[in-house]
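Colleague: Below: one structure in structure tokens.
The values are calculated or read from the model by the stated rules, or taken from the named source; none is laboratory data. What you are looking at is a predicted structure, and each value in this text was computed from that prediction instead of being measured. Every residue, glycine as well, gets a Cβ built from its backbone with ideal geometry; the counts of neighbours run over all protein chains shown.
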Amino acid sequence: MTDKTPTRAEARAAQIATIKKVSRSLIASHGVSGLSLREVAREMGVVSSALYRYFATRDDLLTALIFDAYNDLGASVERADRRAASESPAERLRIAARAVRRWAKRHPHEYSLIYGTPVPNYVAPVTTIEAATRVPRVLSGILSDAQEVRPFAPRSRPRHDVDQFLEVAALQEVLVDVPRAMYVKALMSWNMIFGFLSFELYGHYVGSVRNAPILFEEVLDVLVDLLELEPAP
């Protein structure tokens, strides 16, 4: 019995997967700034021109890697939130945030690719926006569901109208059914989550934090209070 010969589409998909795998390995070893089609080809033992039929430029390859990272993270958090559907909004927030941290700890180089230092002379295309907003949309869903259970009566409001300092039209597409008075707190909530992870992954807590997992749980309690997901004491 002979193995089935892969179709052209299957062979192309397999080669793209190999290119991405080698690229991730190079990023882990040398950083994203050192990524090039020439280096990937050298690692694969082929001439660089052989990769052009899959990725015309380094930026095209980088975009594909960024797209994959955002989608993998987003899918992980969405799965966690679906499993937590019967939990309170406060607990759903904690579960979603823990899923973000688990993914970041398991994929530090992919995390750095999407939340680390910007790559010089690279601008991600608008096609990555939908993937990039998957995690914020989970947060938006939690806030929206919380609003249905107990309408927000914000304990504090922005001193200025949000139209003066936020791109409200863009945020409305992500923060669906979330009151405008909560926009600043919603933005700060995912800033706190990803800011914590950046400090943890890049060693900025060395010398000041003894137990990062416990600190993270404390931060989540602060977030629950910030977002008013539980009644004020």
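Colleague: Might you check whether a residue that is among the polar types (S, T, N, Q), over 30 Å from GLY34 (Cα atoms) and part of a helix (DSSP H, G or I) occurs anywhere in region 142-162?
Modeller: Just the residues of region 142-162 that are among the polar types (S, T, N, Q), to begin with: 144, 147, 156.
Narrowing further to those that are over 30 Å from GLY34 (Cα atoms): 144, 147, 156.
Next cut, part of a helix (DSSP H, G or I) only: 144, 147.
So far as region 142-162 goes, yes, one or more of its residues are among the polar types (S, T, N, Q), over 30 Å from GLY34 (Cα atoms) and part of a helix (DSSP H, G or I).
Colleague: Another question about this same structure. Which condition does ASP163 not pass, out of (1) charged (D, E, K, R); (2) free of Cβ contacts under 8 Å to residues at least 12 places away in the same chain; (3) under 23 Å from ALA99 (Cβ atoms), if it passes all the others?
Modeller: So the condition that ASP163 fails would be (3).
Colleague: Taking region 32-51 as the region of interest, how many residues are modelled with pLDDT under 90, surrounded by fewer than 15 Cβ atoms within 10 Å (Cβ to Cβ) and either of a type outside the set (S, T, N, Q) or in contact with a Gly (Cβ under 7 Å, 6 or more places away or on another chain) (or both)?
Modeller: Total meeting the criteria: 1.
Colleague: Within the group ARG137, ARG82, ARG94, which residue is charged (D, E, K, R) and closer than 30 Å to ILE19 by Cβ?
Modeller: Details: ARG82 fails: closer than 30 Å to ILE19 by Cβ; ARG94 fails: closer than 30 Å to ILE19 by Cβ.
None of the others qualify; the one that does is ARG137.
Colleague: Here's a follow-up. Among (1) farther than 25 Å from GLU217 by Cβ; (2) assigned to a helix (DSSP H, G or I), there is one condition TYR54 misses while meeting the rest; what is its number?
Modeller: TYR54 satisfies every listed condition except (2).
Colleague: Please name all residue pairs, on different chains or six or more residues apart, with Cβ atoms under 7 Å, provided the first residue is in region 72-89 and is in the same structural domain as ILE114 (by TED's automatic domain parsing) and the second residue is of a type in the set (Phe, Trp, Tyr).
Modeller: Within 7 Å, the pairs are LEU73/TRP103; SER76/TRP103.
Colleague: Right, here's the next one. Restricting to region 98-129, count the residues that are touching a helix residue (DSSP H, G or I) at 6+ places or on another chain (Cβ under 8 Å) and either in a helix (DSSP H, G or I) or buried (at least 16 other Cβ atoms within 10 Å of the Cβ) (or both). Reasoning before the result, please.
Modeller: The first filter runs over region 98-129 and keeps only residues touching a helix residue (DSSP H, G or I) at 6+ places or on another chain (Cβ under 8 Å), leaving 98-105, 107-116, 119-120, 122, 124-125, 127-128.
Still in the list and also either in a helix (DSSP H, G or I) or buried (at least 16 other Cβ atoms within 10 Å of the Cβ) (or both): 98-105, 107-116, 119, 124, 127-128.
Residues that pass the stated criteria total 22.
Colleague: I'm trying to understand the selection: among the residues of region 166-196, which are among the small types (Gly, Ala, Ser) and closer than 21 Å to ARG98 by Cα? So that I can check it myself, show each step before the final result.
Modeller: Here is the first cut: in region 166-196, the ones among the small types (Gly, Ala, Ser) are 169-170, 181, 186, 189, 195.
Within region 166-196, ALA186, SER189, GLY195 meet the criteria.
Colleague: Of the residues that sit in region 130-161 and are closer than 17 Å to ARG82 by Cβ and polar (S, T, N, Q), which one is surrounded by the most Cβ atoms within 10 Å (Cβ to Cβ)?
Modeller: This residue is SER140.
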